[in-house]
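Here's the structure, in structure tokens; my notes come after.
Just so it is clear, none of the values below were taken in a lab; they were calculated from the coordinates. Small disclaimer: the values here were computed from a predicted structure and weren't measured. All Cβ positions, glycine included, derive from the backbone under ideal geometry; neighbour counts span all protein chains shown.
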Amino acid sequence: MRNQIISHINERKSELINEWVNQVKMETDERIVNIISEDLFIQTSKEFVDLILLSLSDSNNSEYSTKLELFSEKVVRLGWPITFVVAGLRIFVHIVFQSLVKEEVIDKQLEGDYLEMLDQWMAPLSNEIIHTYASTWEKTVSLQKIALQELSAPLIPIVEHISVMPLVGTIDTERARQIMENLLEGVVRHRAEVVLIDITGVPVVDTMVAHHIIQAAEAVRLVGARCMLVGIRPEIAQTIVNLGINLNKFITTSTLRKGMERALEMTNRKIVELE
């Protein structure tokens, strides 16, 4: 029974794929399908059918596991939701069954047995696809999170011994830890003497945010550098005063430009205009 299905799919592979692609397009949100080009969609569909055939032949071999993982990674990169993939599998099984009946490959009396066998085969395959997809998605999200964390608090050397850390967005405990790590590692790596923490892009500065910044500045001082807080907007200054936050250990300026001028003075340099 299983061999009959495999042979039938192989013999009418192109025909089944074309019918499957057309039906998927009709039943699916076109925004999902239009994410990629027509050629790539057809190619990915063929890979999916090859994967299905491989699972029918032997779902326990290493080749199947490897191809399933690679296919899941590709689907995640393409941005296809898992519901789309599982629905595609269901549609393909339905098309195969209809083709088997139409071509009279199976007897009328055995239609129920074949349908039951297809359902029994589809269930574990569907579960395997969901599991592998979820694992791949978690791994992708984890890598993206690491990349975003590295970009969320970069320490940028501007001139010799002067570095700037521009902060944008809200600062929570996890990000504060990242800021601290990047500051300390960057100060040592760039041999910075003065670090400017630019909070122009931080929408709210409350006691928690101020506490994190003060801690970071104190850590920078302990490794031999000085810290300046720049980009303090009028509303942020008012909030800091109302909350009674003590920034006496900081040199503060309203703009990054003023902070840069002050940092140059602190390193015995200044900006001069050339005629």
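Some points to look at:
- Cα shape, the chain, gyration tensor, a/c 1.5 rule: prolate
- Counted charge near Ser45, where neighbours are those whose Cβ lies closer than 15 Å (Asp, Glu -1; Lys, Arg +1): 0
- Ala123 sits among other residues whose Cβ lies under 14 Å from its own Cβ, and their net charge, with Lys and Arg +1 and Asp and Glu -1, is -2.
- Residues with amide H under 5 Å from that of Ile251, placed H, sequence gap 5 or more: Leu229
- Beta bridges per DSSP with both ends in the chain, % antiparallel, nearest 5: 20
- Computed on the chain, with alpha-carbon pairs under 8 angstrom and 6+ residues apart, the relative contact order is 12 percent.
- Per-residue Karplus couplings for the stretch 62-74, computed as 6.51 cos²θ - 1.76 cosθ + 1.60 with θ equal to phi - 60°, are listed in order as 5, 4, 5, 4, 5, 5, 5, 5, 5, 5, 4, 4, 5 Hz, Gly and Pro entered as x.
- For GluC sites (Glu not before Pro), the sites in the stretch 139-233 that DSSP calls loop and that have at most 14 other Cβ atoms within 10 Å are Glu160.
- Note on Ser142 and Asn22: the extension gain reaches 39.7 nm, defined as 0.36 nm multiplied by sequence separation minus the Cα-Cα distance.
- Residue-wise HN-Hα coupling along the stretch 263-271, computed from phi with Karplus coefficients 6.51, -1.76, 1.60 (Hz; x: Gly, Pro): 5, 5, 4, 5, 10, 6, 9, 7, 8
- Anisotropy class of the stretch 169-275 from Cα gyration tensor, a/c 1.5 cut: oblate
- Among Ala217, Ala153, Ala237, the largest mean-square fluctuation in a Gaussian network model of the chain, built with springs joining Cα atoms closer than 10 Å, belongs to Ala237.
- Taking amide H as placed 1.01 Å from N in the peptide plane, the amide H of Thr200 sits under 5 Å from that of Leu167, each at least 5 places away or on another chain.
- Lysine pairs within the chain, Cα separation less than 22 Å, 8 or more sequence positions apart or different chains: 14
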